[in-house]
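Structure, as structure tokens:
The values are calculated or read from the model by the stated rules, or taken from the named source; none is laboratory data. Just so we're clear, the structure is a prediction, and the values are computed from it rather than from any experiment. Here the Cβ positions follow ideal geometry from the backbone for every residue, glycine too, while neighbour counts run over all protein chains shown. Keep in mind that these areas ignore ligands, DNA and RNA; they rest on the heavy atoms of the full protein, side chains included. Shrake-Rupley method; radii C 1.70, N 1.55, O 1.52, S 1.80 Å.
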Amino acid sequence: MIDLSAAWNGRIFSEELPEAELDVQAELALLAPGAPNRRVFISSSEERVIRVAMGSLDGPWARYGGFVPAGVGTIIIDPLVWARHLVGLAEICLNKGINLVSDERRTSPGLSGHPFFCEAFGVRPDAIILGRGWANGEDFYGFIARPSRLTEPLPCSQEAHFSSASRTIAYLRQRGLEMAREKGRLIEEFVESRRIPARGAGMLWLLEVPDPYRIAARLASKGFAITISEGSLVLAPTLDLPEDSLIRGLRLLSS
């Protein structure tokens, strides 16, 4: 079974990658939008990362839902949901002095052709929350912030090194991002040519199609798995999915 949504669940590559000796915290600081002076906290505990994030930026926090509540200090958004509208929201936050946090726990690294999904729309948020995709599905979470926005210094990370995250970062630097751009162009052409209502960039899209469960069942009968999230099909294949397999999956979707 070929999983067309594997990266949505944190699995961004299927092949076995060679070992890489990298300082994950330092590498993330260099890769982040606004580098190299970003501050980074990483942990295997999602709860710990969220607690550190919420304790390090002005509150109260609010998840953005189309309007900015009065008195809010920090807004957290899902960049895939807001996609191209991120630019306007970033301008509002800048004008109002509100922190903008991009929650990228589900938007795995590299899929947009950039290390971080918000970069596909030219947005540099004040902070980013990372998820398991950075360690290819293992428990790995992170918080990256603009130093000037922190109300207090970030604590030392609980773990100094994550081997899976090291391999992922090395993979992205060597060829992963270029592969994502090439396959992303195929997917974008497919979405545009079929006029499918969709939100996304590169290799990560929410396809707003009628009767997604029927389509998912049809794909499964042909050997392709696809995830449904909030009534949309999630197209998020691994970076190393062979191009012919991707094309076959897209053809089945179009039929």
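Using only Cα atoms, tell me the angle between helix 46-56 and the longest principal axis of the chain; keep it within 0 to 90° and round to the nearest 10.
Rounded to the nearest ten degrees, it is 40.
Helix 212-221: angle to the longest alpha-carbon principal axis of the chain, degrees 0 to 90, nearest 10?
Here the helix axis deviates by roughly 60 degrees.
When the convex hull of the C-alpha atoms of region 111-166 is computed, what volume per residue in Å³ does it have?
Hull volume normalised by residue count: 91 Å³.
Looking at region 133-255, what % of the alpha carbon pairs are farther apart than 18 Å?
For region 133-255, the fraction of Cα-Cα distances above 18 Å is 62 percent.
Looking at region 1-97, which chymotrypsin sites (Phe, Trp or Tyr not before Pro) are in a loop (DSSP not H, G, I, E or B) and have at most 11 other Cβ atoms within 10 Å?
67
For the chain, what is the mean residue ellipticity at 222 nm derived from helices alone (per DSSP H run of n ≥ 4: -39500 (n - 2.57); sum divided by total residues; nearest 500 deg cm²/dmol)?
-9500 deg cm²/dmol
Looking at the chain, which longest stretch skips every one of the trypsin sites (Lys or Arg not before Pro) that is in a DSSP loop with at most 14 other Cβ atoms within 10 Å, leaving the sites themselves out?
No qualifying site falls inside 1-193, the longest such stretch.
Report the percentage of all Cα-Cα pairs in region 1-103 whose separation exceeds 23 Å, rounded to a whole percent.
Every Cα pair in region 1-103 considered, those over 23 Å come to 44 percent.
I'd like the carbon and sulfur percentage of the solvent accessible area for region 84-168, probe radius 1.4 Å, heavy atoms only, ligands and nucleic acids excluded.
Carbon and sulfur together cover 46 percent of it.
To the nearest 20 Debye, how big is the dipole of the chain about its Cα centre, given +1 on the beta carbon of each Lys and Arg and -1 on that of each Asp and Glu?
660
What whole-number distance in Å separates the alpha-carbon centres of region 187-255 and region 102-121?
Each part reduced to its Cα centre gives a spacing of 18 Å.
Out of all DSSP beta bridges with both ends in the chain, state the antiparallel percent to the nearest 5.
In the chain, approximately 60 percent of DSSP beta bridges are antiparallel ones.
Could you grab the relative contact order for region 44-93? Cα pairs under 8 Å, six or more apart, rounded to a whole percent.
After rounding, I find 25 percent.
In the chain, once you exclude exposed GluC sites (Glu not before Pro) (DSSP loop, at most 10 other Cβ within 10 angstrom), what's the longest stretch remaining?
22-229
Can you tell me the orientation of helix 243-254 relative to the chain, as the angle in degrees between its alpha-carbon axis and the longest Cα principal axis, to the nearest 10?
So the inclination is approximately 80 degrees.
Contact order normalised by length for the chain, with contacts defined as Cα pairs under 8 Å and 6 or more residues apart; what percent is it?
For the chain, the relative contact order is 28 percent.
If you count only protein heavy atoms with a 1.4 Å probe, what accessible area per residue comes out for the chain, rounded to a whole Å²?
I get 46 Å² per residue for the chain.
Taking the Cα centre of each part, how many Å lie between region 72-86 and region 1-53?
20
Let me make sure I get this right: for region 60-109, a, b and c are the square roots of the gyration tensor eigenvalues over alpha carbons, sorted descending. Under 1.5 in a/c it's rounded, otherwise prolate if a/b > b/c, else oblate. Which is it?
prolate
When a/c reaches 1.5 or more, the comparison of a/b and b/c decides; with that in mind, is region 70-189 rounded, prolate or oblate per its Cα gyration tensor?
Oblate.
How much net charge surrounds residue 194 when only other residues with a Cβ under 14 Å from its Cβ are counted (Lys, Arg +1; Asp, Glu -1)?
Net local charge, residue 194 excluded: -2.
Using +1 on the beta carbon of Lys and Arg, -1 on that of Asp and Glu, and nothing else charged, what's the dipole of region 134-255 about the Cα centre, debye to 20?
That gives a dipole near 340 debye.
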